[in-house]
Protein chains: 2
Amino acid sequence: MRRFVIMGHRAITSADFKLDDLCGSTGRLDILLRCVNSAFFLSHDIRKDVEIVLMLLGEPNPPKTIRINGREVKYLNPDERSTAALIRNALLQKGEGERRCSPGIYVSERSYEEVLSNLSKESKMYYLHEQGEDVRSAQLAGDPTFVLGDDQDLTEVEEEILMRYDPKRLSLGPISYHADHCITLVNNELDRRRQ
Amino acid sequence: MRRFVIMGHRAITSADFKLDDLCGSTGRLDILLRCVNSAFFLSHDIRKDVEIVLMLLGEPNPPKTIRINGREVKYLNPDERSTAALIRNALLQKGEGERRCSPGIYVSERSYEEVLSNLSKESKMYYLHEQGEDVRSAQLAGDPTFVLGDDQDLTEVEEEILMRYDPKRLSLGPISYHADHCITLVNNELDRRRQ
């Protein structure tokens, strides 16, 4: 399983937003929506071996943690608006623990710390970072988890927490890319290795 | 200059569509919108050395040819909806020849044949195709133009026209990707060769 954890530093944590203004009023949830697209979509297919965790950390109820599993997910389309509708639906689900919102989409109040702690038990951690080792020449484990920021880098505290799990820093090229483009590049590298 | 030509086989050629239903009622214009994002956006920057040509070939007035130049473009945001608004505005422009719709965005009725004929004078043509040479090991010219389909491959006729310009076929990996993901991968390969 390939996993991606994306930090939505200001991403809205209530369903109180309009699908017509995803860029302006959602704390840049639009970035996370594009990450969902690049994590899962192949030409006429969905990647079943991918899981993405969106950490929504903005107001009013942080954290909200959305997990999407490629093996189970249904009703996922490549456009931003329909994915936003699925996330909004997830944010409406009341309850405790991790709740299934629609097939393959789960919501919880798990902290970033808890998410990483759980993932690190079965997965090697990678930190996508401009100062890292080139992904093309790096050794990559069979069950990798890639952690990345939205339009903001990880905070010092977030980085410190990640460091507990001895992540390898990986760079994707000589310039800095949008988060969704990073995921496309990582997926391609793993496809080439058939991992 | 890097150039991308994308065939929007069914993409709508009037401004008569709703920004709320980009996926359903526009002949998959949404695919082309995502291509614009991956062609131009860098983290906190826009690629000035990129030009994209969107061939809108659907009803009711094909072709409509939208050209976006990274050196000149303004008011471009990464989300689908705002790019769709710019394209819709372009489709409203009446006139003859190529018209400037907003900074860096042009519309014309140029045919695919005319577009390729013009570009081939100053640019080496590449055909993104699963059966091509691996992009990572291929020789690439300084001013490349990459031609690709939307969710449909080039038609036989489109392919025949492209073949007149002796394109090199390039493959991006072992599986078939969405058009916007292809552009991200090509941009990354070219970024790496600059250094």
Quiz item: Out of curiosity, is A:Leu56 farther than 15 Å from A:Gly104 by Cα and either at pLDDT 95 or above or among the hydrophobic types (A, V, I, L, M, F, W, C) (or both)?
Solution: yes
Exercise. From (1) closer than 25 Å to B:Arg28 by Cα; (2) more than 14 Å from chain A (Cβ to nearest Cβ); (3) touching a Pro at 6+ places or on another chain (Cβ under 9 Å), pick out the condition that doesn't hold for B:Lys124.
Key: (1)
Quiz item: B:Leu154: buried (at least 18 other Cβ atoms within 10 Å of the Cβ), within 16 Å of the chain's Cα centre (by Cα), closer than 18 Å to B:His9 by Cα and in contact (Cβ under 8 Å) with a residue 60 or more places away in the chain, yes or no?
Solution: yes
Quiz item: Of all residues in segment A:70-102, which are more than 14 Å from chain B (Cβ to nearest Cβ) and either in contact (Cβ under 8 Å) with a residue 40 or more places away in the chain or at positive phi (or both)?
Solution: A:Ile87, A:Arg88, A:Asn89, A:Leu91, A:Leu92, A:Gly95, A:Gly97
Exercise. Taking A:Gly95 as meeting all but one of (1) surrounded by 14 or more Cβ atoms within 10 Å (Cβ to Cβ); (2) within 29 Å of A:Val157 (Cβ to Cβ), write down the number of the exception.
Key: (1)
Quiz item: Residue check, B:Ala138 against (1) away from chain A (no Cβ under 12 Å); (2) in contact with a Phe, Trp or Tyr (Cβ under 8 Å, 6 or more places away or on another chain), all met but one. Which one?
Solution: (2)
Quiz item: Got a number for residues in segment B:10-35 being of a type in the set (Gly, Ala, Ser) and without any contact (Cβ under 8 Å) to a residue 12 or more places away in the chain?
Solution: 1
Quiz item: Can you spot a residue in segment A:167-180 that is more than 30 Å from B:Arg193 (Cα to Cα), more than 14 Å from chain B (Cβ to nearest Cβ) and surrounded by fewer than 21 Cβ atoms within 10 Å (Cβ to Cβ)?
Solution: no
Quiz prompt | Qualifying strands (runs of 3 or more DSSP E) (wholly inside segment B:40-126; at least 2 residues being within 16 Å of the chain's Cα centre (by Cα) and within 18 Å of B:Met1 (Cβ to Cβ)) | solution = B:50-56, B:64-69, B:105-108
Exercise. Taking B:Val186 as the residue in question, decide whether it is within 24 Å of A:Val186 (Cβ to Cβ) and touching a helix residue (DSSP H, G or I) at 6+ places or on another chain (Cβ under 6 Å).
Key: no
Practice problem: Determine which single condition B:Leu185 fails, assuming it passes every other condition in (1) part of a helix (DSSP H, G or I); (2) farther than 22 Å from B:Leu119 by Cα; (3) free of Cβ contacts under 8 Å to residues at least 60 places away in the same chain. | Solution: (2)
Practice problem: For residues that are outside any loop (DSSP other than H, G, I, E, B) and surrounded by fewer than 23 Cβ atoms within 10 Å (Cβ to Cβ), scanning just segment B:8-36, find the one that is modelled with the highest pLDDT. | Solution: B:Leu19
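The values are calculated or read from the model by the stated rules, or taken from the named source; none is laboratory data. Worth saying up front: this structure is predicted, and the values here are computed from it rather than measured. All Cβ positions, glycine included, derive from the backbone under ideal geometry; neighbour counts span all protein chains shown.
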